[in-house]
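Written out below as structure tokens is the structure these notes cover.
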Amino acid sequence: DYYLEKDLVKELVKNIRINHEILYEYPSLSKMQKMMQEILNKWPEDLKGYDYRIQIIKDDAVNAFAVPGGNLYFNTGLLDIIEDEAELESVMVHEIAHVERRHGLREFKKTQKNRMVKDVAVLLTAAAAIATENQNMMIAANAVNLIGEFAIEILSKGYSRENEQESDIMAQ
């Protein structure tokens, strides 16, 4: 899992950098890094050993997220509406919990498993269509493929409710 997680981090960070503007000189960045270090120093369990980094994304959306490996991303839209340090700290703890519980890797494995199941279903439906030379079966194979891709897209939209709840509990 170590190398899989490293590869996953590399791809995720690359895609984030391509699709978002990272602000390396955000006014409160050093204060946020200090807060993060204090949180990590008080963490109730042994840390996994990730190299945590805070990145600020120029985006009005109210959002924060974490990717495997310790990268914590905060949108400027979120930072603009936070009223006090306790709010920021609670979001930060929540995101660190995602990393420490390895939710990114777990979600990736779940998505891969679902994609394999979908691919097998499409393959079996297509094989049946070819074997019987049935046009309706070919249409069914295409439908299974489209539905499977749609399901995978839904699954890739973030952490599961279960993982969000686990992070909330750990953050508390």
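All but one of (1) in a helix (DSSP H, G or I); (2) touching a Lys or Arg at 6+ places or on another chain (Cβ under 8 Å) hold for Lys48; state the number of the condition that does not hold.
(1)
Output the residue which, of all residues in the range 21-31 that are hydroxyl-bearing (Ser, Thr, Tyr) and closer than 17 Å to Val91 by Cβ, is surrounded by the fewest Cβ atoms within 10 Å (Cβ to Cβ).
Ser28
Which numbered condition trips up Glu38, out of (1) over 18 Å from Val91 (Cα atoms); (2) out of contact with any Phe, Trp or Tyr (no Cβ under 9 Å at 6 or more places or on another chain); (3) part of a helix (DSSP H, G or I); (4) not aromatic (Phe, Trp, Tyr)?
(1)
State whether one or more residues within the range 49-70 are without any contact (Cβ under 8 Å) to a residue 12 or more places away in the chain and basic (Lys, Arg).
no
Report every pair of residues separated by at least 6 positions or lying on different chains whose Cβ atoms are under 7 Å apart, first residue within the range 2-24 and closer than 17 Å to Ile56 by Cα, second open to solvent by 100 Å² or more (accessible area, probe 1.4 Å).
Pairs found: Glu21/Lys58; Leu23/Lys58.
Which one of the conditions (1) in contact with a helix residue (DSSP H, G or I) (Cβ under 6 Å, 6 or more places away or on another chain); (2) assigned to a strand (DSSP E or B); (3) at pLDDT 95 or above does Gln55 fail to meet, given that it meets all the rest?
Single failed check for Gln55: (1).
Within the bounds of the range 17-29, is there any residue that is farther than 21 Å from Asn163 by Cβ, more than 18 Å from the chain's Cα centre (by Cα) and among the aliphatic types (A, V, I, L, M)?
There is at least one residue in the range 17-29 that is farther than 21 Å from Asn163 by Cβ, more than 18 Å from the chain's Cα centre (by Cα) and among the aliphatic types (A, V, I, L, M).
What residue, among those in the range 32-48 that are under 21 Å from Arg102 (Cβ atoms) and touching a residue at least 24 places away in the same chain (Cβ under 8 Å), is surrounded by the most Cβ atoms within 10 Å (Cβ to Cβ)?
Once the filter is applied, the top-ranked residue is Met36.
Out of the residues in the range 58-84 that are in a loop (DSSP other than H, G, I, E, B) and within 22 Å of Asp7 (Cα to Cα), state the one that is nearest to the chain's Cα centre (by Cα).
Pro68
Can you name every residue in the range 85-112 that is in a helix (DSSP H, G or I) and charged (D, E, K, R)?
Glu85, Glu87, Glu89, Glu95, Glu100, Arg106, Glu107, Lys109, Lys110
The values are calculated or read from the model by the stated rules, or taken from the named source; none is laboratory data. Quick caveat: nothing in here was measured; it's all calculated off a predicted structure. Positions of Cβ are backbone-derived with ideal geometry, glycine not excepted, and every protein chain shown enters the neighbour counts. Each accessible area value is taken on the protein alone, full model and side chains, heavy atoms only, with ligands, DNA and RNA left out. Shrake-Rupley method; radii C 1.70, N 1.55, O 1.52, S 1.80 Å.
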